[in-house]
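The values are calculated or read from the model by the stated rules, or taken from the named source; none is laboratory data. Keep in mind the model is a prediction, meaning the values are calculated, not measured. Using ideal geometry, Cβ is built from the backbone for each residue, glycine included, and neighbour counts are taken over all protein chains shown. Remember, those area values only see protein heavy atoms, side chains included, never the ligands or the DNA or RNA. Shrake-Rupley method; radii C 1.70, N 1.55, O 1.52, S 1.80 Å.
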Amino acid sequence: MKALLIDDHSLVRDGIEMLLTIRLGFDSVYHAENGAQALTCLAQDSLVDLVLLDYKLGEESGLTVLAQIKALYPTLKIAMMSGEDQAQPIVQALGEGAVGFIPKNLSSQDLAQAIQLVLDGQIFVPKLKDTKAVQQVDEAVTSAQRQIAQIAELARRVIRDKDFSQRIELGESNEVTSAFNSLLEELQQDRSRLQQLAFTDELTGLANRRLFLDRAEQGLRHAKRTKSLTGLLYLDLDSFKQLNDTQGHDAGDQVLKEVGERLKAGIREVDTAARLGGDEFTAVLLDIFNEASAQDLVARVFNALIKPIALEGGATWTPKASIGVALTNGEATLQDVMNRADALMYRAKQGGKNQFIIEGEN
């Protein structure tokens with residue numbers, strides 16, 4: 001089975017991915033932090049069994065993304081996830097075609113059960129205490145069930161239509177054929193842009209999570225083959241939320257772009273810089289000879305990152321970064337190395353912030 005997780009917090013996505021793969025047996029789990037990435041992912045692989053979509057997707061409305069996806073893939077199962085359990089969001093989500101509204105604060109066991117219910121064709125909604133709210137949600141569930149049945153029947157009719165492919169070739173202008181042809185035409189026109197979006201962070205132009213994971217896997221194989229070291233660098237900006245709160249999100253985006261450029265400029269051509277989401281960056285560092293050579297490389301990156309940035313409007317902001325770098329000879333699994341890099345980054349943050357820690361394998 002395949003799932004697509006749409007959430008602007010990478011740690012949330014990582015946690016849900018573990019639950020899907022370990023408890024529910026999913027083979028592939030795709031990640032997207034916004035609607036554009038989600039649509040790109042589905043354009044490349046539409047055979048996804050389940051989409052889990054955050055209700056509050058950063059500055060983007062999860063409901064908008066839900067409507068966009070359902071317009072293109074009406075039979076796709078999409079469950080909304082949220083920290084809220086109020087009637088209005090639930091009713092809105094079901095009205096846009098969601099097949100569930102799953103609270104994020106459920107235990108891992110309850111969360112797995114809720115997802116399994118959705119996979120089994122049922123609609124999951126949380127239990128509400130307010131009588132009026134319960135009635136509103138029950139009515140929305142009934143309506144959603146009716147919509148699902150209608151869409152399923154339409155899909156069966158399309159499949160039964162033996163002349164469907166011929167009608168597409170002839171260009172018959174009915175609604176199904178017209179929509180299908182229109183979608184094909186758009187995908188063909190935007191193929192290069194879609195391929196770029198699939199592997200590139202939209203804001204910074206760096207590699208995105210998908211490309212980072214691919215390059216990291218290659219890096220481990222390279223280290224093992226060449227008997228060198230590969231480093232995974234994890235970087236988190238200190239006090240970035242304060243910048244967004246005081247200077248606004250435009251200033252935050254400007255800083256993220258500049259940090260991305262500095263990170264890319266500081267590493268070598270053989271290395272790969274990536275943004276995982278928010279203010280989390282990473283890099284795959286190849287052909288590291290020893291910890292001393294890694295120290296020189298990371299110090300150069302760190303010193304470039306912490307120089308002041310002139311913001312639009314005349315203000316300046318000096319980035320501070322907590323960095324962890326895990327070195328490996330390629331024998332460990334990628335997940336183990338990623339966990340070590342993440343732990344080292346948090347050690348740097350807890351140890352006073354604005355510093356880097358490099359560590360080889362024990």
Restricting everything to alpha-carbon atoms, can you work out Rg to Rh for the stretch 262-362 with a Kirkwood hydrodynamic radius?
0.98
Quick query: amide H of residue 330 versus all other amide H atoms, modeled in the peptide plane; which residues come in under 5 Å with a sequence gap of 5 or more or a different chain?
230
Förster radius 45 Å - calculated FRET efficiency between residue 110 and residue 307, Cβ distance, rounded to 0.05
0.40
Cα atoms only, the stretch 226-298: Rg and Dmax in Å?
14.3, 48
Give the accessible area for residue 221 in Å² (nearest 10); use a 1.4 Å probe, count only protein heavy atoms, and leave out ligands, DNA and RNA.
130
Can you list the HN-Hα couplings for the stretch 347-353, worked out from phi with the Karplus curve (6.51, -1.76, 1.60; θ = phi - 60°), rounded to whole Hz and with x for Gly and Pro?
5, 5, 5, 6, x, x, 6
Select from the stretch 22-110 those GluC sites (Glu not before Pro) which occupy a DSSP coil region and have at most 10 other Cβ atoms within 10 Å, ordered by residue number.
59
By how many nm would the segment from residue 12 to residue 202 grow when fully extended, if each residue of separation counts as 0.36 nm and the alpha-carbon distance is taken off?
66.4 nm
Extend 7 Å from the Cα of residue 61 along its Cα-to-C-beta direction; within the stretch 38-52, residues with backbone N under 20 Å of that point are 38-39, 52
Amide H proximity to residue 58 below 5 Å, modelled H, separation 5+ or other chain, gives 8
Long-range HN-HN contacts of residue 102 with modeled amide H, under 5 Å
80, 81, 82
Find the accessible area per residue for the stretch 215-362; the probe is 1.4 Å, ligands and nucleic acids are left out, and the unit is Å².
49
Spelling out what I want: for every residue of the stretch 232-248, take phi, set θ = phi - 60°, compute 6.51 cos²θ - 1.76 cosθ + 1.60 (Karplus), and round to whole Hz; glycine and proline get x.
9, 9, 10, 10, 10, 6, 7, 6, 5, 4, 4, 4, 4, 5, 8, 10, x
Rounded to whole Hz, the Karplus (6.51, -1.76, 1.60) HN-Hα couplings of the stretch 301-314, x for glycine and proline
5, 4, 5, 6, 5, 8, 6, x, 10, 7, 8, 5, x, x
Output the antiparallel fraction of DSSP beta bridges having both residues in the stretch 1-104, as a percent to the nearest 5.
10
Neighbour-limited loop hits for chymotrypsin sites (Phe, Trp or Tyr not before Pro), the stretch 19-66 (at most 12 other Cβ within 10 Å; DSSP other than H, G, I, E, B):
none
27 Å Cα-Cα threshold exceeded, pairs from 227/257; 224/264; 56/241:
227/257
